[in-house]
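Participant: Please read through the structure below; I'll follow up with questions.
The values are calculated or read from the model by the stated rules, or taken from the named source; none is laboratory data. Predicted model, so just to flag it, every value in this text is computed and none were measured. Every residue, glycine as well, gets a Cβ built from its backbone with ideal geometry; the counts of neighbours run over all protein chains shown. Side chains are part of the model used for accessible areas, which takes the heavy atoms of the whole protein and leaves out ligands, DNA and RNA. Shrake-Rupley method; radii C 1.70, N 1.55, O 1.52, S 1.80 Å.
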Amino acid sequence: MARMTMIEAVRSAMDVSMERDDDVVVFGEDVGYFGGVFRCTQGLQAKYGKTRCFDAPISESGIVGTAIGMAAYGLKPCVEIQFADYMYPAYDQITQEAARIRYRSNGDFTCPIVLRMPTGGGIFGGQTHSQSPEALFTHVCGLKVVVPSNPYDAKGLLIASIEDPDPVMFLEPKRLYNGPFDGHHDRPVTPWSKHELGEVPEGHYSIPIGKAEIRRQGSAVTVIAYGTMVHVALAAVEEMGIDAEVIDLRSLLPLDLDTIVQSVTKTGRCVVVHEATLTSGYGAELTALVQEHCFYHLEAPVVRVTGWDTPYPHAQEWDYFPGPGRVGRALAEVMEA
Amino acid sequence: MTEFPQLSLHVPEPAVRPGGMPDFSNVDIAKAGSVPRPAVDAASEDIRDLAYSIIRVLNREGEAVGPWAGLLSDEELLTGLRHMMKLRAFDARMLMAQRQGKTSFYMQHLGEEAVSCAFRKALKKGDMNFPTYRQAGLLIADDYPMVEMMNQIFSNEKDPLRGRQLPIMYSSKEHGFFTISGNLATQYVQAVGWAMASAIKNDTKIAAAWIGDGSTAESDFHSALVFASTYKAPVILNIVNNQWAISTFQGIARGGSGTFAARGLGFGIPALRVDGNDYLAVYAVSLWATERARRNLGPTLIEYVTYRVGGHSSSDDPSAYRPKTESEAWPLGDPVLRLKKHLIVRGVWSEERHVQAEAEILDEVIQAQKEAETHGTLHAGGKPSVRDIFEGVYAEMPPHIRRQRQKAGY
Ligand SMILES: Cc1ncc(C[n+]2csc(CCOP(=O)(O)OP(=O)(O)O)c2C)c(N)n1
Ligand SMILES: [Mg+2]
């Protein structure tokens, strides 16, 4: 076991995968010599050579399009989109191509690619370094969507994603890269070295895509979250002194519906939390599923806590970010109903 | 068995990496004054050479030579020098403010001041730029108030963009400066559309598109060239080749093409390559291109050959990917020092006056900063309102956003 930040965990996942399988290649903007603007690929070019880890031209459609072509040949590209906010030029390749190659060729061709992309806000990145576009992926049939909340999961899930036979959108909450951020931006950041989930095996292991994890057992209300919001939810629950059950989805698609249904059936109340905007966000899907599967057990309407339906502002970041205060108020609302 | 050898992947590499000796011997630099100045109605195929050479006016001795010289008066050149010095002083102060936590982020122009400052001079009121984050000289040289720029950088209560945008992502229709996007290359093609609109309406205004070397790899760059070429749009397609795109050297975006300018030739767009650190050359080439556009002769592509002396942004440390002394070895020198030298050679400037001007300009910048700071900085003093998050998404606020604003307590 080693202590790792989320950056180191992600890097280790690629390292282990490249070591085991010559077909794994890694590329993206600034990914080669420099090792990525968040340093996630640092050292990989030196170790595996510049034909397995290299810089790409600034063309997201080119990066994803060539990754699809490499996958068709038989490689397993794990590419970096510098920020999730920059995946849009590649959206055509992702939605019309990567997602459907298996289906339209009836398995003649497949697309085992991974698109890693830093997601979410909390770094004063303004509207083009803060977005959470996961719902734009979950709405597309044929993609898997993974959002880890800690180094241990990040490594195991990234290895599973690289080994997966289908395209995986791997969203890395950038605010969690260096420590578990609970939304209290005015307090010092705890490093991952002080958190049990910062303890990561050095070798190969994988975590199945599609299994949620219960981060806190409880009986009063179920909180469904993923990524950064898992830590925000845990903080809010402690501060409110509510016996909540907190589910970390880890994978949005496929979704671990059983864990959700079991929990809400037990608690009878549910709060859904994400940083992305509200309208047509992934929370809408979660809320609908809870309603469909747990209606007769519900004692209160399901409440969503999300980013506002506006672009992500720069200066008003902490009024936009759905922090522990907002989650706490939603918990209180659901408990009173 | 095949008669052919095994294939191998070609991945371009810069000439030198950290630890090595900076080397620009591969950069072929034409002698100042040696490149001809064609008529503005020249056909692209007749001036192909201009996409491979470098148009230069100022020689090593500081003299203005050749067919592209002689366009600017002493007075105009002195003003040009002041603009570049102001941009440089502004950048230095704002980078320092960023380090002091007064703003979250900053991007400077160090070494590239001539490009946007001299280009602005070739534009007229009503023309429109679609800039990237590295063309603040367009504002400075158009006398946009520095205090306004700082208000935006500080996201304070007087921020014209109400705290919504990252620092330096200015917007000013009045000053012909389209709102900056953070997403690269998207605006290059929009500039073409703006120019097409001016032609559709039989107007006289022209547009200027801006992009960095690295960003020319985006599809939008290529779309822009197709549209500009097809409709002969009155647009200047500017490429600022400062050798680097964050840590990626220009060879990754350029690939096997000889130069970025040469990209225009396949589209039949006249393409010029110019010394981006030579204020006189930048102005002369910009004027040539704007004249073409104004005479309805269509687009021109210009590659400015320059060097990004500083980090990519306040978050970047270039010593991780290029030799520390690389900027000193850059063969085209420093734009401010070169114009200064020229003005001294012309006999209208001196070392003493330069030092004095530096002090005056610094004072002006400091005064502006003092004023801006009375309206707040990112984490202190006056701020934009939380209401500003919700306003301006639509012309009229829809009910769901109103409900969310109320929920936020505003
Ligand atoms: C679509 C998109 N992809 C990636 C980025 C991240 N990014 C910001 S600046 C930059 C480098 C741009 O280099 P260049 O075009 O040469 O301009 P320069 O910074 O040198 O002026 C990158 C990759 C972005 N902003 N938008
Ligand atoms: Mg560049």
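Participant: Exactly one of (1) small (Gly, Ala, Ser); (2) farther than 23 Å from B:Ile246 by Cβ; (3) within 12 Å of another protein chain (Cβ to nearest Cβ) is unmet by A:Ala99. Its number?
Facilitator: (3)
Participant: Hey, any hits in the range B:70-81 for a residue that's within 16 Å of the chain's Cα centre (by Cα) and away from ligand 1 (no atom under 16 Å from the Cβ)?
Facilitator: Yes, the conditions are met somewhere in the range B:70-81.
Participant: Scan the range B:216-254 residue by residue and report those that are at the interface with chain A (Cβ under 10 Å from one of its Cβ atoms), in a strand (DSSP E or B) and more than 7 Å from ligand 1 (Cβ to nearest atom).
Facilitator: B:Thr248, B:Phe249
Participant: Right, next: Inside the range B:143-178, can you point out the residues that are without any contact (Cβ under 8 Å) to a residue 24 or more places away in the chain, surrounded by 18 or more Cβ atoms within 10 Å (Cβ to Cβ) and not in a helix (DSSP H, G or I)?
Facilitator: B:Leu161, B:Gln165 - these are the residues of the range B:143-178 that are without any contact (Cβ under 8 Å) to a residue 24 or more places away in the chain, surrounded by 18 or more Cβ atoms within 10 Å (Cβ to Cβ) and not in a helix (DSSP H, G or I).
Participant: Let me ask another. Name the residues in the range B:181-197 that are within 22 Å of B:Gly264 (Cα to Cα) and either near ligand 1 (Cβ under 8 Å from one of its atoms) or polar (S, T, N, Q) (or both), would you?
Facilitator: Across the range B:181-197, the qualifying residues are B:Leu184, B:Ala185, B:Thr186, B:Gln187, B:Gln190.
Participant: Can you tell me which residue in the range B:194-215 is farthest from ligand 2 (Cβ to nearest atom), limited to those that are in a loop (DSSP other than H, G, I, E, B) and open to solvent by 10 Å² or more (accessible area, probe 1.4 Å)?
Facilitator: It comes out as B:Asn202.
Participant: Among (1) away from every other protein chain (no Cβ under 14 Å); (2) closer than 30 Å to B:Gly163 by Cβ, which single condition is A:Gly121 missing?
Facilitator: Failed condition: (1).
Participant: I'm trying to understand the selection: among the residues of the range A:3-46, which are within 14 Å of ligand 1 (Cβ to nearest atom), surrounded by 24 or more Cβ atoms within 10 Å (Cβ to Cβ) and of a type in the set (A, V, I, L, M)?
Facilitator: A:Val31
Participant: Check the range A:25-36 and report whether any residue there is in contact with a helix residue (DSSP H, G or I) (Cβ under 9 Å, 6 or more places away or on another chain), hydroxyl-bearing (Ser, Thr, Tyr) and within 13 Å of another protein chain (Cβ to nearest Cβ).
Facilitator: For the range A:25-36, residues in contact with a helix residue (DSSP H, G or I) (Cβ under 9 Å, 6 or more places away or on another chain), hydroxyl-bearing (Ser, Thr, Tyr) and within 13 Å of another protein chain (Cβ to nearest Cβ): present.
Participant: Next up: Kindly indicate whether B:Arg37 is part of a helix (DSSP H, G or I) and among the charged types (D, E, K, R).
Facilitator: Taking the combined requirement at face value, the residue does not satisfy it.
Table: residues versus (1) outside any loop (DSSP other than H, G, I, E, B); (2) on the phi > 0 side of the Ramachandran plot; (3) among the polar types (S, T, N, Q).
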| residue | (1), (2), (3) |
| --- | --- |
| A:Gly35 | no, yes, no |
| A:Cys40 | no, no, no |
| A:Lys47 | yes, no, no |
| A:Lys50 | no, no, no |
| A:Ile58 | no, no, no |
| A:Ser61 | yes, no, yes |
| A:Thr66 | yes, no, yes |
| A:Gln82 | no, no, yes |
| A:Thr95 | yes, no, yes |
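Participant: Counting just the residues of the range B:235-258 that are open to solvent by less than 10 Å² (accessible area, probe 1.4 Å) and more than 14 Å from ligand 2 (Cβ to nearest atom), which one comes out farthest from B:Ala320 (Cα to Cα)?
Facilitator: Step by step, filter the range B:235-258, then rank; the result is B:Val235.
Participant: Those residues that are buried (at least 21 other Cβ atoms within 10 Å of the Cβ) and of a type in the set (A, V, I, L, M), I need them from the range B:95-109; list them, please.
Facilitator: Listed by number, the residues that qualify are B:Ala97, B:Met107.
Participant: Could you list, ordered by first residue, the pairs with Cβ atoms under 8 Å in which the first is in the range B:202-215 and more than 10 Å from every other protein chain (Cβ to nearest Cβ) and closer than 17 Å to B:Ala118 by Cβ and the second is in a loop (DSSP other than H, G, I, E, B) and more than 16 Å from ligand 2 (Cβ to nearest atom), at least 6 apart or interchain?
Facilitator: So the pair list comes out as B:Ile206/B:Leu123; B:Ile206/B:Asp127; B:Ile206/B:Pro234; B:Ala208/B:Leu123; B:Ala208/B:Asp127.
Participant: Now, a different point. For the range A:285-322, give me the residue count where each residue is assigned to a helix (DSSP H, G or I) and either within 13 Å of another protein chain (Cβ to nearest Cβ) or open to solvent by less than 10 Å² (accessible area, probe 1.4 Å) (or both).
Facilitator: 7
Participant: Further, regarding this structure: Being within 21 Å of the chain's Cα centre (by Cα) and away from ligand 2 (no atom under 16 Å from the Cβ) is the filter here; which residues of the range A:69-85 pass it?
Facilitator: Correct list: A:Lys76, A:Pro77, A:Cys78, A:Val79, A:Glu80, A:Ile81, A:Phe83, A:Ala84, A:Asp85.
Participant: For the range B:277-389, which helices (runs of 4 or more DSSP H) that fit wholly inside it have 3 or more residues that are aromatic (Phe, Trp, Tyr)?
Facilitator: B:279-294
Participant: Among the residues of the range A:100-115, are any surrounded by 18 or more Cβ atoms within 10 Å (Cβ to Cβ), within 23 Å of A:His274 (Cα to Cα) and within 16 Å of ligand 1 (Cβ to nearest atom)? Steps first, please.
Facilitator: Within the range A:100-115, the first condition is being surrounded by 18 or more Cβ atoms within 10 Å (Cβ to Cβ), and the residues that meet it are A:101-102, A:111-115.
After this cut, where a residue has to be within 23 Å of A:His274 (Cα to Cα) as well, the list is A:114-115.
Going one step further and asking which of them are within 16 Å of ligand 1 (Cβ to nearest atom), we end up with A:115.
Checking the range A:100-115: at least one residue is surrounded by 18 or more Cβ atoms within 10 Å (Cβ to Cβ), within 23 Å of A:His274 (Cα to Cα) and within 16 Å of ligand 1 (Cβ to nearest atom).
Participant: Quickly run through the range B:316-363 and pick out the residues that are within 14 Å of chain A (Cβ to nearest Cβ), under 21 Å from the mean Cα position of the chain (by Cα) and open to solvent by less than 30 Å² (accessible area, probe 1.4 Å). If you could, list the steps in order and put the result at the bottom.
Facilitator: Here is the first cut: in the range B:316-363, the ones within 14 Å of chain A (Cβ to nearest Cβ) are B:316-323.
Filter once more, so that each one left must be under 21 Å from the mean Cα position of the chain (by Cα): B:316-318.
Hits for the range B:316-363 are B:Asp316, B:Pro318.
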